[in-house]
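Since every read-out is calculated from the coordinates, none of them should be taken as a lab result. Note that the coordinates shown come from a computational prediction; the quantities given were computed from them, not determined experimentally. Backbone-built Cβ (ideal geometry, glycine too); neighbour counts: all protein chains shown.
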Amino acid sequence: MATSARPARKRPIRIGRLLGEAAQYAALTIAAAIILTPIYITVVYSLQPVEEIFSYPPNLLVTDPQWDTYKRAFETGSLGRYLVNSFIVATAITAGQVITSVLAAYAFAFLRFPFRNLLFVAFLASLMVPWEVTIIPNYQTISTFGWLDSYQGLIVPFLATAFGTFLLRQAFLTVPRDLRDAAAMDGYGHIGFMLQVVVPLSRAAVGALAVFSFLLAWNQYLWPLLITNDDDYRTVQIGLKALVSSNIDEFNLVMAGTVIAAAPILALLILFQKQLIRGLTSGAIKG
Amino acid sequence: MDEVTAAEVTIALPKAAGRWRARPRVKEMALALVLLGPSIALFSTFAFYPLVKTFYLGFFRSDPFGLSSNYVGLDQYIDVLRSNGFHRSLLTTGLFALFTVPTGLVLGLGLALLAHQKLRGIVVYRTIFSSTVATSVAVASVMWLTLLNPSIGIINYGLKESGFEAVNWLGDPDWALPAVSLTTVWLNLGFTFIVILAGLQTIPEELHESAKIDGAGAVSRLFNVTLPMLSPTLLFAVVVLTINAFQSFGQIDILTQGGPLDRTNVLVYSIYTEGFRNFNEGVAAAQGVALFLIVLVLTLIQFRFLERRVFYGN
């Protein structure tokens, strides 16, 4: 009796679970489809001829991909140049932020010096000054330096980050104190200990900072808009805006430009998702 | 330029380290100065000095051509505080926050709850849900400029097919701010999702198990276990999204340029047009001070949660 009752009781539960899972997958898929719709339409339009984009009802499939549009986006929109500029600027900012943050975080985590807490609070305070508030004096400063329309103007103001310093200091504090004494006995100074022990042990946090810095630097909009007029120094974000303003009816060209501007950073997200999530969840501000 | 600076720092450091053991205290202080020097110099030049300068510029009124400026004391601050333009800009920014923050939070929470399941292939869904975090404000705005286009936009097509009137999203004074908000909600969704999912993952499994044993259903567990445990994360997300709303610029610049009829002229866009289009530096600076004070209050709230996460988080 007991043995025959068991499968009978179990089966509805299993079917219920299967139904539940199916419902979950359905909900997940619908949500994913809605989120991806803007990206999907962008890709479709970038490959359709302009006449097809204007047809009604809209055709949301690509029958005859026009790869030529991408070539034109690179040529008429100088997107190639803008991409190179964005890479130079984002890479330099990332390298600079990692270096200044490692140095400052090490000082806060391992060194004793006067006014340490006061300086730490000053670092915190720098987070309270939004870039948007200070654009006018900062523009004047960069202009005085003769850095309008230059890589320096795009890079130097962003070479230090309080957020990065806190993120790394948190990681550095988990390095066991005993290691410092052992390293000192082996003849390591602070710099040797920092570069050969602390940074390698904290590579997850350093990686998170690097990916996060690159993302923010690549996506910057307001500052590059203010200080670059010259094609030679425009970043891809500003180049995209210029492409839209001058080709407003050529939707295929504009959409191809959008794909070109978005692709490198989407690839970065897929490759370094774990680092990015760590950076974001440590209390970062996107913007 | 920056590479030179970086190289100088790394070359200069070993010297300090080599002499580190001779007189620990003094050497340690000198080393600290070298290590902190680059950050201190940069923060002073590009954050603290310009902040003070912004307050200072607010005391000067520019002539109509932006050629010279006169000291007017607090007059300009008072004028800005009393001006209709500033009030409307503040109201627009507040409305923008109201349109984007609660919607974004609810959608982000919904996505995070959906994706917080042990299912095969869930990683793919999580990547898709996170994807807008990598989308820049310019890319998202241009995408939505097309989606919201009155003639070719897919949104109007959907409306017409469902029997609604087509809407001139970005040209209609009543619809422009909602349209910009829609773009912003989509843009922020990846961030909100990631933060809330991370919060969900820190809630101990046992809490759900014991609630289940006590006979709590799924809805009851959501309201009595998940949401209370998640409240610090949700508050953190609210503050970050609100700060973001007050600092928004790119989507306005690409979608509406503050129009139509100033209906999307948020605070940062107003600072930009006053400072860089109308050459009213003083007015822009005074508005900047207002923005600073608003974000300051929001940031102080955020620090309280940040602190909690740092000390008691995983």
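Every helix of 4 or more DSSP H residues in chain B counts as -39500 (n - 2.57), and over all residues that averages to -22500 deg cm²/dmol at 222 nm. Comparing A:GLN24, A:GLN196, A:GLN48 in a Gaussian network model of chain A (Cα springs below 10 Å), the most mobile by mean-square fluctuation is A:GLN24.
Centroid-to-centroid, using Cα positions, segment B:151-171 and segment A:36-57 are 16 Å apart.
Volume per residue for the protein assembly as shown equals 200 cubic angstrom (convex hull of Cα atoms).
In chain A, Cα pairs under 8 Å separated by at least six residues give a relative contact order of 31 percent. Fewest neighbouring Cβ atoms within 10 Å first, the residues B:TRP144, A:TRP131 line up as A:TRP131, B:TRP144. Of the complete DSSP H runs in chain A, those spanning 27 angstrom or more by Cα along the long axis with a mean Kyte-Doolittle score not below 0.5 are A:2-47, A:79-110, A:251-271. At q = 0.18, 0.21 Å⁻¹, what is the log10 ratio I(q)/I(0) for segment B:176-314, with the Debye formula run over Cα points and no solvent? Values returned for q = 0.18, 0.21 Å⁻¹ are -1.05, -1.22. Rg/Rh for chain B stands at 1.06; both radii use Cα atoms, and Rh follows the Kirkwood definition. Largest mean-square fluctuation among A:VAL89, A:VAL199, A:VAL129, in a Gaussian network model of chain A whose springs join Cα atoms under 10 Å apart, belongs to A:VAL129.
Per-residue Cβ counts within 10 Å, from other chains only, averaged over A:164-177: what number is that?
Working: counts 1, 2, 2, 1, 0, 1, 2, 0, 0, 0, 0, 0, 0, 0.
Averaged over the peptide's residues, the number is 1.
With 21 Å as the limit, the listed pairs B:LYS118/B:LYS212; A:LYS241/B:LYS160; A:LYS71/A:LYS241 have A:LYS241/B:LYS160 beyond it between alpha carbons. Remark: A:ARG203, B:ARG120, A:ARG169, B:ARG88 ranked as B:ARG120, A:ARG203, B:ARG88, A:ARG169, counting other beta-carbon atoms within 10 Å and listing the fewest first.
Other protein chain C-beta atoms within 10 Å of residue C-beta, averaged over B:105-115: 2.
Extent along the principal axes, Cα only, for chain A: 79, 69, 34 Å, with the longest axis given first.
Packing order of peptides B:247-253, A:147-153, B:227-233, highest average first: B:247-253, A:147-153, B:227-233 (average count of other Cβ atoms within 10 Å over each peptide's residues). Using a Gaussian network model of chain A in which every pair of alpha carbons under 10 angstrom is joined by a spring, one finds that among A:VAL98, A:VAL50, A:VAL84 the greatest mean-square fluctuation is at A:VAL50.
Hydrophobic, long helices, defined as DSSP H runs whose alpha-carbon span along the helix axis is 20 Å or greater and whose mean Kyte-Doolittle value is at least 1.0, occur in chain B at B:24-43, B:84-115, B:176-201, B:227-247, B:281-312. Under Stokes-Einstein, with the Kirkwood radius over Cα pairs as Rh, the value for segment B:40-151 at 37 °C and 0.692 mPa s is 169 µm²/s. Taking 18 Å as the straight-line reach from the Cα of A:LYS274, none of the aspartates and glutamates fall in range once those fewer than 8 positions away in the same chain are excluded. Per-residue ellipticity at 222 nm for chain A, helices alone: DSSP H runs ≥ 4 residues times -39500 (n - 2.57), over residue total, nearest 500 deg cm²/dmol? Per the formula, -23000 deg cm²/dmol.
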